[in-house]
């Protein structure tokens, strides 16, 4: 399974802070176009994440 496929599979469930962390880890491993595509999935996940999850994720980045 490619990194992109793994990222897409993560998004079949509701978005959690752990989901966002796992997506970031996959993006870090990916290269070139695959990394860009996973980055796009991260953006989509951030938009669809519940406000509480988004706040927790943002706090973890500080």
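The values are calculated or read from the model by the stated rules, or taken from the named source; none is laboratory data. Fair warning: this is a prediction, and the values are worked out from it, not measured in the lab. Here Cβ is always computed from backbone atoms with ideal geometry, including for glycine, and neighbour counts include all displayed protein chains.
Of the numbered conditions (1) at pLDDT below 95; (2) over 11 Å from the mean Cα position of the chain (by Cα); (3) assigned to a helix (DSSP H, G or I), residue 52 satisfies every one except a single condition; which is it?
Every condition holds for residue 52 apart from (1).
What about residue 15, is it in a loop (DSSP other than H, G, I, E, B) and at pLDDT 95 or above? So that I can check it myself, show each step before the final result.
On the way: in a loop (DSSP other than H, G, I, E, B): yes; at pLDDT 95 or above: yes.
In short, yes.
Kindly provide the set of residues from region 24-62 that are surrounded by 15 or more Cβ atoms within 10 Å (Cβ to Cβ) and under 14 Å from residue 2 (Cβ atoms), ordered by number.
26, 27, 30, 34, 35, 37, 38, 41, listed by residue number.
Please go through (1) assigned to a loop (DSSP other than H, G, I, E, B); (2) within 12 Å of the chain's Cα centre (by Cα); (3) at pLDDT below 95 for residue 1 and return the number of the only condition it doesn't satisfy.
Status for residue 1: all satisfied but (2).
Are there any pairs, at least 6 apart or on different chains, whose C-beta atoms fall under 7 Å, with the first in region 18-35 and closer than 19 Å to residue 62 by Cβ and the second at pLDDT below 95 and surrounded by 14 or more Cβ atoms within 10 Å (Cβ to Cβ), and if so, which?
20/57
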